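Beneath this line is the structure, given in structure tokens, with notes to follow.
The values are calculated or read from the model by the stated rules, or taken from the named source; none is laboratory data. Keep in mind that this is a model prediction, so the values were computed, not measured. Cβ: placed from backbone, ideal geometry, glycine included. Neighbour counts: every protein chain shown. Just so you know, the surface numbers come from the protein's heavy atoms only, side chains and all, with ligands and any DNA or RNA stripped out. Shrake-Rupley method; radii C 1.70, N 1.55, O 1.52, S 1.80 Å.
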Amino acid sequence: MRAPLVNFRRFQITAPWPLVWTVTGLFLLLRSIVAVVRLAVFAVRHWRAWPLVALVLLAIDGYRSHGWWPHLLVLLVAAAGGGVWWWKGRESFHHLVALRAVTVWRRLWVYRRQWHEVMSLCGLVKKYDGGEVVPRLLSVRCSYATDELVVRMPKGQNPEVYHKAARDLAYSFGTRHCRVFSGRRQAPPARTGRLAWLLRLVDRVRFRDRPRHVWLVFIRRDPLTRVVAPLPVPARPDFTALPLGVREDLAVYCLRLLATHVLIGGATRMGKGSVIWSLLRSLAAGIRSGLVRVWAIDPKGGMELSIGRALFSRYVDDDWTRMADLLDDAVARMRARQQALRGKVRVHTPSVDEPLIVVVIDEIAALLAFLPDSDIRHRITQALGLLLTQGAGLGVLVVAATQDPRKEVVSVRDFFPTRIALGLTERAHVDLLLGDGARDRGALADQIPTSAKGVAYVLLDGQPEPARVRFSYLPDDVIRDMAATFPAPPETQPEPIDVPAPAKPVRSSGNGRHVYRPTPPKQAAPLLPPSLLNALDLNTTNGSDPR
């Protein structure tokens, strides 16, 4: 009987030793190749650290050769050069030096150091096969006010988990606000030039869709605590990007007004006027040139909009009937454009001859829910329904504000594509205004303090997550100066005409002279049918009493 290949009791190997050494050598060679490949991939991924590694090696070699004096001299020269750079080109110094240094520091000390602990305590670590799968931190990018983290989610997770844990993540890392985005926040740049085709191929790989990546934006320094000064008036308004305020990442918030309607919701004294006047300021140059016509309705008797009366081509604040007439005229203008543009274009292009008409309503709930005259209220509801369903593509837009976004108060709420949520009184109003699930995705409009007037949550194009912005504040003097500088061209406003009652025809005699004959009075009709009247008549035959 032949002996076994391996005697486990005595651990003796009967195979020839050259074969064992050959297999062991091949195994070690394979492991070495894998380690070298991993090191090369690591070096490529962290190519930005190459200069730092080279400086460290150079510093070690200089210390061994000459001691500390070269290091001190290099630090003095670098400090002097950095001071001159900061003095002459502060913006480039902050972008290339200061923010990069802040990024390295916060990535290593704030996030890497406590990453596993925070992920475990926030419930974002998955259990699998007796071990833990932790979300992987891919990169950190710091700006003046925010830290943007790119995280790869473990299998079995979706962005909704991070939306629910956003507040826990914010306070765990020492901030108060955390925004979660399921898509890339930056669009691919527009490439031009000879190598544009090559750069587009690179961008196609860099900016490809990554479903397992999630972007966490921590607000390190809240820039929305300060009042935003009035923004400059554009020389020509861009209806696809009207500057209205500042976002929490210090970028300018621009509103797309072309082919849309805007609904502004917020409690009293929370800054609805800031949104309206910021919008009018961005349209001021177009108002003066006649490219934009603003028709304003102020149901509060002119307490908000009358201060800028010169900006409006048409303005009503004291007559419910004239308000309904203004909306009917807007519908008539929309119908006329339908006849002119039918079969030619699908979206109206504003011009001086055919300007963009913006109907601004300060408190739409007063017209739809609290108007005492039911007939006028019905006329206004019908006119607004037609404008909201058909007027966007025809250049007849509606910008309305309300304190209560409930459907029973603002019955046409669902017809506003663009919505802005200022400070609200109830958490349910957030989803009613911005859409179902908006509050879970970070729109905490019910937690905006009363001191933060003009702070709101909006939806940006291409992003399901709401963004936090603050609209500029325009004092009364600025509004008066703006109205005097950018007045609207005169427009004939139809006034209500009292139509006299038609005269009754006059009878004439045969000889051509008019003869007055009084009209006999009409006999009053009985209030009861004949059957009951007969029953109540006296019985003349037997003289009985009436029944």
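Brief remarks on what is shown
- Proximal charge balance of Leu397 [Cβ under 13 Å; K/R count +1, D/E count -1]: +4
- Working from Cα pairs under 8 Å separated by at least six residues, relative contact order for the range 296-370 is 46 percent.
- Accessible area of the range 239-356 belonging to carbon and sulfur atoms, whole % at 1.4 Å probe: 50 percent
- Label-point gap, in nm, between Thr349 and His116 - each point 7 angstrom along Cα→Cβ: 6.2 nm
- Span-like helix criteria (full DSSP H runs; alpha carbon extent of at least 30 Å along the helix axis; mean Kyte-Doolittle hydropathy of at least -0.5) are satisfied in the chain by 17-45, 320-341.
- Spacing of the two label points (7 Å from each Cα toward its C-beta) at Arg45 and Leu73, in nm: 4.0 nm
- Atom-type composition of the exposed protein surface of the range 358-470 places 49 percent of the accessible area on carbon and sulfur (1.4 angstrom probe).
- Cut-off 12 Å between beta-carbons: net charge of the residues surrounding Leu368, Lys and Arg +1, Asp and Glu -1: +2
- Check: the chain dipole with +1 on Lys, Arg Cβ and -1 on Asp, Glu Cβ, in debye: 3200 debye
- Cα-projected label distance for Val37 with Arg90, points at 7 Å along beta-carbon direction, nm: 5.2 nm
- Accessible surface, 1.4 Å probe, highest first, among residues His378, His71: His378, His71
- Under 13 Å, Cβ to Cβ, from Ala483 - net charge with Lys/Arg +1 and Asp/Glu -1: +1
- Assigned charges on the beta-carbon of Lys, Arg, Asp, Glu; the range 64-146 dipole about Cα centre (debye): 100 debye
- If R0 is taken as 60 Å, the Cβ-Cβ distance between Arg335 and Leu55 corresponds to a FRET efficiency of 0.25.
- Averaged over its residues, the chain has an accessible area of 62 Å² per residue, based on protein heavy atoms and a 1.4 Å probe.
- Longest site-free stretch - the chain; sites: GluC sites (Glu not before Pro), DSSP loop, at most 13 other Cβ within 10 Å: 1-407
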